[in-house]
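The values are calculated or read from the model by the stated rules, or taken from the named source; none is laboratory data. Remember, it's a predicted structure, so these values are computed and weren't measured experimentally. To get the accessible areas, we keep the full protein, side chains included, count just its heavy atoms, and leave off ligands, DNA and RNA. Shrake-Rupley method; radii C 1.70, N 1.55, O 1.52, S 1.80 Å.
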Amino acid sequence: MAALNMLTRCQSLGYTKDKILCIALHPGWLQTDMGNKLGQPPLTVDFSVREILSTLARLSEKENGALVNLDGKVLPW
C-alpha cells in the first residue's frame, strides 16, 4: 500500500504542470466473488461505478495526490 501511496503522490506532482489530476480512489466494499467471501458487502458494482463517475466529475486540485473514497471524501493515508 505504501508504494501505491507514493506513486500517487509522485504522479500528482509530475502531472501538475499539465493540469492532470492523479488520485487513488477506494471503490467501497463491493458485491463480487472476492468480496462475498468476506461477508455481505453492501454495494453493487453498478452503484459503485455510478458513484465513481460522479466523484471524478467533481474532483479539483485540492484532491490531487490524495486517497478519496467513493463519495469524494479525502481519506488519510
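Report the Cα-based extents of the stretch 13-63 along its three principal axes, largest first, to the nearest Å.
Computed over the stretch 13-63, the largest-to-smallest principal extents equal 43, 19, 14 Å.
Below 22 Å, Cα to Cα, which lysines can K73 reach? Residues fewer than 8 away in the same chain don't count.
K19, K62
Any idea what angle helix 2-15 forms with the longest principal axis of the chain, computed on alpha-carbon atoms, 0 to 90 degrees, nearest 10?
Between the helix axis and the principal axis of the chain, the angle is about 40 degrees.
Angle check, please: helix 45-58 long axis (alpha carbons) against the longest principal axis of the chain (alpha carbons), in degrees 0 to 90, nearest 10.
Between the helix axis and the principal axis of the chain, the angle is about 20 degrees.
What is the chain's relative contact order, in percent, from Cα pairs under 8 angstrom and six or more apart in sequence?
35
Using the heavy atoms of the protein chains alone and a 1.4 angstrom probe, what is the accessible area of the chain per residue in square angstrom?
On a per-residue basis, the chain sits at 72 Å².
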